[in-house]
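What follows draws every value from the coordinates through simple rules; no lab data is involved. What you are looking at is a predicted structure, and each value in this text was computed from that prediction instead of being measured. Glycine also receives a Cβ, built like all others from the backbone with ideal geometry; neighbour counts cover every protein chain displayed.
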Amino acid sequence: MAGMPGLHLIPLARQGVPITVILPSSAALERVRTVYARAGLERQLRTIESDEVPPDCRFDWLLAFNALPLARDWRALLSALSTRAERLALFVSHPWSYGTWIRRASRIASRVPKAELFDHGATRAHALESELRSLGRIEDVAWVDCPWWPDLFVEAGETLAGSVGIDRPLRFVYDEFSFPFTSDPLPQDLARRLRLHPNFETSRLAPAFAHHRAYLVKCDR
């Protein structure tokens, strides 16, 4: 559930910021609305069912999370997004963390050469940053989501250990009716588990652990 578009913006909604979530799936939008309603934030939320940002929509901030690898033409998508926002917060998978190398090795072992988000050319810093500079000014760059575990690169509800043949019981898997980050405080078992895990966002070790790279761009148009 943490990867569902719109849930990253719940902290801003709690501060009174109006949020618009754009998705091509009515079912996915209904799940988003359910999560916001459980948090008492339904009045902060607007949803639009579309596979693109409508031309008449313009935002102070526009967040695009791992969208580029899913587009037919990622450069065209990036250009379109830059015309809809004053600032663009862009997240892409980091292709060189230790988790990506484990995934590459497991694909070779399974002989299933399935392309993943971090394989896409839009995740390569040189190509992406060159494109971003043509659309505006890169104001900030950050490593994001840098825990010790690399389980981002598996299907929802699975673990990396399971993908290499190590069975472990699944825990902390939530749907829209049990998503825990709408409550304060967090459930004790989840809070306890999170305290046990280090993170490396501000460490020199971040490039080895990061799941994502984030860019904040001041758009020219």
Per GNM of the chain with C-alpha springs under 10 angstrom, the most fluctuating residue out of G136, G99, G16 is G16
Subtracting the Cα-Cα distance of K114 and T34 from 0.36 nm times their residue separation yields 25.5 nm
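Which of the trypsin sites (Lys or Arg not before Pro) across the stretch 1-109 are loop residues per DSSP, with 10 or fewer other Cβ within 10 Å?
Here the trypsin sites (Lys or Arg not before Pro) that fit, given the DSSP loop and packing criteria, are R72.
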Here the gain from full extension of V17 to W149, 0.36 nm per residue of separation minus their alpha-carbon distance, amounts to 44.3 nm
Within the chain, helix-based [θ] at 222 nm, where runs of 4 or more DSSP H residues each add -39,500 (n - 2.57), nearest 500: -8500 deg cm²/dmol
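When only C-alpha pairs under 8 Å and at least 6 residues apart count, what is the relative contact order of the chain, in percent?
Working: 315 pairs, mean separation 58.9, N = 221.
The value is 27 percent.
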Mean-square fluctuation maximum in Gaussian network of the chain, Cα pairs under 10 Å, restricted to A67, A105, A206, hits A105
If each residue of separation counts as 0.36 nm, what is the full-extension length gain between C57 and S178 once their alpha-carbon separation is subtracted? 40.4 nm
Can you tell which of L196, L70, L88 shows the greatest fluctuation in a Gaussian network model of the chain with Cα springs below 10 Å? L196
